[in-house]
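Derivation of every value follows stated rules applied to the coordinates shown; laboratory data play no part. Small disclaimer: the values here were computed from a predicted structure and weren't measured. Reconstructed Cβ throughout: ideal geometry from the backbone, glycine too, with neighbour counts over all protein chains shown.
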Amino acid sequence: MRSALFHARLVIIPIPMIFLLFSLFSTGCMDRIDYDVDEVASQEHLRGSNLTVDQETADTPADLDTLLTNESGRYDETFLCISAETPVETAGEESIESESTLHVHDVGQRNHGTEWFFNQPWAAPFIWPKMIRDTVILIVLAAAVLTLSGILGRKRG
Amino acid sequence: MSEDPATGEEVAGDAVFPYFLYKSKGTDMTETPLSVSELTKVFRKSFGISSFKAIDSISFEVRKGEILGFLGPNGAGKTTTIKCILGLLSPTSGKARLWGSRPASLSVRRRLGYVPENPDYEDAFSPVEFLSMFAHMRKLPDDRKMHELLLDRVGLKGWESVRIRSFSKGMRQRLSLALALQPVPDLMIMDEPTGGLDPNARKEFRDIILEERDRGASIFLSSHLLSEVETICDRAVILAKGKKVTEGSLDDLLRVEEHYRIEYIDGWKTPEETRNAISVDAGNLQNTIDALRNEGRRIIGIDQEHRTLEDVFLSATGGGRR
Amino acid sequence: MRSVMTFALMTLRSLLRRRTIYGISMVLLLALFGIGQVPSFNVDSEGTFLLDFGLFGLEIGALLLAIGLAANIYPRDREQRTAMPLLAVPLSRGQYLMGRFIGAALVQAAAMLVGCIGLMLILVMHGHPIPSDLFPAALLLIVEGWFLLAVVFFFSFWTSPPLNAPLTIMLFVVSQMTVLQFVELFPQASGLMRFIRLILPHMDVFHIKDPIAHGMEIPSLYFLLAALYGLAYMGFMLAVALAVFRSRDLK
């Protein structure tokens, strides 16, 4: 009986792993399955919105939540856009030196200067479940590979 | 008399290696220590286009408490066989079993001592550091005194803390013997352990091998030194071109069946007395004895003829190379 | 586990006795020092510059350490036959791999922590505050380094060291690309390219130098998620490396 169970585990363990893997892949996120914000972001995120940035907040290290939520508390981006022709400058300095280099986008208009900055996983919480999903997939795959290589190793020996 | 360093008790003879300090490993004493059955290994080259059969359906076993010699010319497949036994190579077909278990089983490998051919070790460590690390990996007690005793036994006394990078080839072989002896093995697998050693060192190795056999260990010894095998082995297997060509006890291998050697004296009790010998086959034995007696020769001995192991080896392997 | 940790400590001592780690660490520290000497444009941007390039240097340092430490471990063991006494008797292949990996990972982590401390010192010397996220960011980069180390080990079991380094660097570079960028490399087979990009790791989860350099606070939960992702990928690469290692003959 023990011997039968010992040998049976070599078949029992991989089967639910493969099933779990298949079900994860078939959850519908195969359509857009990567972390490209262009592909997976919601329309609200892609449209963007404007939010005026005070001088004080621009000078000090900004909190993500403060920057990303507007007064109504909705998820939002703050884009303090700096023109491509100007060198990298802080907001405070810009406001003193040149008003023409500092501008704010209208509602619905995407910011062109800082979208690269905010198109990273840390700034897009809707990507985080995908990271969890991928983590689980990788753990399942690792266990499956280990089990299969162990089975093949026993057959060879 | 000398004092056992572990218990302080007096023991007879020179300081013996304190085997009793190691826990019983619970070896299954009923299983054959090493059993090889129809072992075949084919190496594939050039992405599988060509292949080379290194060993072909060889079978033998090492019995408990015996020393089995494993002989063969260069390229016969001896080291390949040993690597298959140890799980370093996966056989194409057939199997090798250690006490009935697969070579990959760690529990059996911890009862094994292995002396590789041309051994090498990371040269940044000293012998005692190596013994300490191996003791941990083998789940043995890490006792510096034990390590020093072991190194003394293999002739490395005074070199315990010297980095291996300054060791000669012979010293590295002594270290590999020490590592092989560390777990008080029930089976030792030795691949050309005395190659390149001077005669004194070879004798020391032979003495240690015989001590281990007397302790009850089984030894699997692959060697080119036929005189050494002839001296210490109980049985021998001869390999040629990947196949086993002969196997048997040394007595059986060296004895020439159906052939006798008659020693006699010419001119008994005369100034021209001389001793001579003649070889005859069994069919002519009686006739030859009668003829010698009729000629007045005095027969002093009749024995079955024996060959040397070299004769057996050359005859079995076709005189040489693969 | 005892066998693995003993062998890991043996690996650590062996690597520390080689010169590779000191060479790479020296390069890393010199690079950080060099970054600190670059003339600043103004007080405010200097801190951003130091953090940005300092963390970038740590990331590249992780890659160089992974290649320098691990690319030659197994090939050297195989050629010098030092692997045989280990694999023949006291260690299984899995224990050998884990021991070597843990030893190299400890050395890599120590070197990167030294680099992180160096960066902190440079910031302090130039009168800039140390961001609260800098240390967690360095830990995340260490996880990235461990993932790259696992990749190097994977390649080392079936390629030679001169091929291992460019393969690892190629994987590192490609994994930084977005899907669109990757598909544009070969648009005729966009489906296949998307599938390949799916399999390759998303290294952008480790891109935390930008928000830190610009003084933005990163949610703690994100650090945890990114670290778990990195560790899971590292585990997967080690599993695949072990599968390859188990199938290889030790000639």
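Sorted from fewest to most neighbouring beta carbons within 10 Å, what does the list B:I164, A:I137, B:I49, C:I208 look like? Display every interim value, and only then the final one.
Values: B:I164 19, A:I137 16, B:I49 7, C:I208 27.
Listed from fewest to most nearby Cβ atoms, that is B:I49, A:I137, B:I164, C:I208.
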Hey, got the average number of other protein chain Cβ atoms within 10 angstrom for residues in B:193-201?
0
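Sorted by average packing, counted as other Cβ atoms within 10 angstrom per residue and highest first, what order do B:101-109, C:197-205, B:84-92 take?
Top of the packing list down: B:84-92, C:197-205, B:101-109.
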Tell me, what is the percent relative contact order of chain C, built from C-alpha pairs under 8 Å that lie six or more residues apart?
28
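Using the number of other C-beta atoms within 10 angstrom as an exposure proxy, rank B:Y260, C:Y22, C:Y233 with the fewest first. All intermediate terms of the calculation are to be shown ahead of the outcome.
On the way: B:Y260 18, C:Y22 11, C:Y233 28.
Listing B:Y260, C:Y22, C:Y233 from fewest to most nearby Cβ atoms yields C:Y22, B:Y260, C:Y233.
Do the sum for chain C: with -39,500 (n - 2.57) for every DSSP H run of n ≥ 4, divided by all residues, what is the mean residue ellipticity at 222 nm, to the nearest 500 deg cm²/dmol?
Details: 12 runs with 196 residues, N = 251.
The helix contribution divided over chain C gives -26000 deg cm²/dmol.
When you count, for each residue, the other Cβ atoms within 10 Å and take the mean per peptide, how do C:139-146, B:216-223 rank with the highest first?
On the way: C:139-146: 23.6, B:216-223: 22.1.
In decreasing order of mean packing, C:139-146, B:216-223 become C:139-146, B:216-223.
Antiparallel as a % of all DSSP beta bridges within chain B, to the nearest 5? Walk me through the numbers before you get to the answer.
Values: 38 of 55 bridges.
In chain B, DSSP labels about 70 percent of beta bridges as antiparallel.
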Sequence neighbours fewer than 8 away in the same chain don't count; with that in mind, list the lysines whose C-alpha is under 16 Å from B:K41.
A:K155, B:K53, B:K78, B:K83, B:K95, B:K241, B:K243, B:K244, C:K251
Averaged across the residues of C:79-86, what count of C-beta atoms belonging to other chains lies within 10 Å of each residue's C-beta?
6
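For chain B, what does the helix formula give at 222 nm: sum of -39500 (n - 2.57) over DSSP H segments with n ≥ 4, over the residue count, nearest 500 deg cm²/dmol?
On the way: 10 runs with 95 residues, N = 322.
Mean residue ellipticity, 222 nm, calculated: -8500 deg cm²/dmol.
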Partner chain Cβ atoms within 10 Å, averaged over the residues of B:74-86 - can you pull that number for me?
1
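Nothing charged except the Cβ atoms of Lys and Arg (+1) and of Asp and Glu (-1): what's the magnitude of the dipole of segment B:114-187 about its Cα centre? Round to the nearest 20 debye. It would help to have the intermediate numbers written out before the result.
Values: 11 positive and 11 negative charges, 29 e Å.
Here the size comes out at about 140 debye.
Can you give the Rg/Rh ratio of segment C:2-247, where Rg is from the C-alpha atoms and Rh is the Kirkwood radius?
Numbers: Rg = 19.2 Å, Rh = 19.2 Å.
Dividing the radius of gyration by the Kirkwood radius yields 1.00.
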Chain C: angle of helix C:43-70 to the longest principal axis, Cα-based, in degrees nearest 10
10
